[in-house]
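K.L.:
Provided herewith is a single structure, encoded as structure tokens, for subsequent inquiry.
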């Protein structure tokens with residue numbers, strides 16, 4: 001039986017409920033930490049990957065030969081019109097980049113795809129740059145399989161599309177992330193039974 005002195009658990013506490021509300025274009029949660037959603041998973045991976053790729057200096061496609069570390073993006077890359085009048089209809093990605101995308105989950109495991117995009121007019125450097133970025137990410141994730149409340153399966157799949165659009169190159173790393181499970185609080189079987 002339920003103890004009459006027992007009080008309801010506050011929002012966001014174990015056994016309580018999360019209640020969403022919106023503040024300045026961002027979903028917030030009353031009473032505690034945000035639940036472990038795919039959005040949190042992607043945001044945590046972005047934070048983890050940024051320092052991993054910060055040491056790369058890759059081509060940007062800038063005519064002055066500027067090089068920079070890949071921009072790490074959660075979700076999808078925003079393609080922008082080029083600044084060149086020579087190709088007014090071309091749309092390009094801000095290169096180089098690493099995009100962390102949620103693909104799907106079954107409640108206990110999520111599939112995440114990490115895509116590296118680089119620029120190189122040299123066919124031998126372009127694909128290698130993508131693979132070097134992904135290999136560095138894969139090695140770092142295999143060394144540190146836990147981040148936040150999530151854990152990464154050490155088996156990861158790297159792939160490169162056979163069709164590329166030089167001078168843009170891309171390759172992907174697909175990984176499985178284990179999501180912590182919510183524990184359901186059981187009520188006393190005798191509650192409500194006369």
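K.L.:
Here is a check on your reading of the model: is residue 134 closer than 16 Å to residue 77 by Cβ and touching a residue at least 40 places away in the same chain (Cβ under 8 Å)?
P.N.:
no
K.L.:
Identify, by number, the condition in (1) over 18 Å from the mean Cα position of the chain (by Cα); (2) modelled with pLDDT of 90 or more that residue 103 doesn't meet.
P.N.:
Condition (1) is where residue 103 drops out.
K.L.:
Within the range 30-53, how many residues are exposed (fewer than 12 other Cβ atoms within 10 Å of the Cβ) and modelled with pLDDT of 85 or more?
P.N.:
Adding up the residues that qualify gives 1.
K.L.:
Right, here's the next one. Give the residue that is nearest to residue 128 (Cα to Cα), with candidates limited to residues of the range 42-67 that are in contact with a strand residue (DSSP E or B) (Cβ under 7 Å, 6 or more places away or on another chain), free of Cβ contacts under 8 Å to residues at least 60 places away in the same chain and not in a loop (DSSP other than H, G, I, E, B).
P.N.:
Going through the qualifying residues, I end up with 67.
K.L.:
Considering only residues that are at pLDDT 90 or above and either in contact with a helix residue (DSSP H, G or I) (Cβ under 7 Å, 6 or more places away or on another chain) or closer than 16 Å to residue 67 by Cα (or both), which ones fall in the range 129-147?
P.N.:
129, 130, 132, 133, 136, 137, 140
K.L.:
Could you list all residues from the range 112-135 that are in a helix (DSSP H, G or I) and over 16 Å from the mean Cα position of the chain (by Cα)?
P.N.:
Correct list: 123, 124, 125, 126, 127, 128, 129, 130, 131, 132, 135.
K.L.:
Further question: Is it true that residue 94 is over 17 Å from the mean Cα position of the chain (by Cα), closer than 19 Å to residue 72 by Cβ, modelled with pLDDT under 85 and not in a strand (DSSP E or B)?
P.N.:
So residue 94 fits the description; yes.
K.L.:
Is it the case, given these coordinates, that residue 73 is modelled with pLDDT under 95 and part of a strand (DSSP E or B)?
P.N.:
So residue 73 fits the description; yes.
K.L.:
Can you name the number of the only condition in (1) exposed (fewer than 13 other Cβ atoms within 10 Å of the Cβ); (2) part of a helix (DSSP H, G or I) that residue 155 fails?
P.N.:
Condition (2) is where residue 155 drops out.
The values are calculated or read from the model by the stated rules, or taken from the named source; none is laboratory data. All figures in this text were calculated on a predicted structure; none of them were measured in a lab. Please note: Cβ atoms are built from the backbone with ideal geometry, for glycine as well, and neighbour counts cover all protein chains shown.
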